[in-house]
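Below is one structure, written out as structure tokens, with a few remarks after it.
Every number here is computed from the coordinates shown, using simple stated rules; none is lab data. Please read these numbers as outputs of a predicted model, since none were measured by experiment. All Cβ positions, even for glycine, are placed from backbone atoms using ideal geometry, and neighbour counts span all protein chains on display.
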Amino acid sequence: QVQLVESGGGSVQAGGSLRLSCAASGSILTINAMGWYRQAPGKQRELVATISSRGIKNIADSVKGRFTISRDDAKNTVSLQMNTLKPEDTAVYYCAGGTLAYTGTYSPRYWGQGTQVTVSS
């Protein structure tokens, strides 16, 4: 089992920035990639960004150029730096640990509890 704990959510005005962090513990060698998802009210959960154990990153087109994913293996943490936030970025953000296939498909296996991000106009 892998335990994931997010932190860093909150409220910000449009154009502002937030940084989310996710601390992983447990059997972390069973996963080879970490990711961030988000779910807005009434919408499906969407993949925002992933980063593999080798540092390969993928960012969703909707946030490309504004969001950055990074990892600190010494601390077993993954972060999501969110800049130039827009009201449509408002959602609950979830950290996920899982498997990134050679095809590029990410399969989450473990989830954090989620952290709310609210962007006001």
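The figures follow:
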quantity: Choice from V78, V48, V63 showing the highest fluctuation, given a GNM over the chain with Cα pairs closer than 10 Å; calculated: V63
quantity: Whole-Å distance, taken between Cα centres, linking the range 14-37 and the range 44-121; calculated: 7 Å
quantity: Approximate spin-label separation T105-K86, in nm, with each point projected 7 Å along Cα-to-Cβ; calculated: 2.9 nm
quantity: For the range 1-68, alpha-carbon Rg and Dmax in angstrom; calculated: 13.4, 38
quantity: Those aspartates and glutamates that a straight Cα-Cα span of less than 18 Å connects to K64, excepting residues fewer than 8 apart in one chain; calculated: E46, E88, D89
quantity: Radius of gyration, Dmax [the chain; alpha carbons; angstrom]; calculated: 13.5, 41
quantity: Backbone N within the range 3-21 under 11 Å of label point (7 Å from T118 Cα along the Cβ vector); calculated: 10-12
quantity: Stretchable slack from D61 to K75, in nm (0.36 nm times residue separation minus alpha-carbon distance); calculated: 2.2 nm
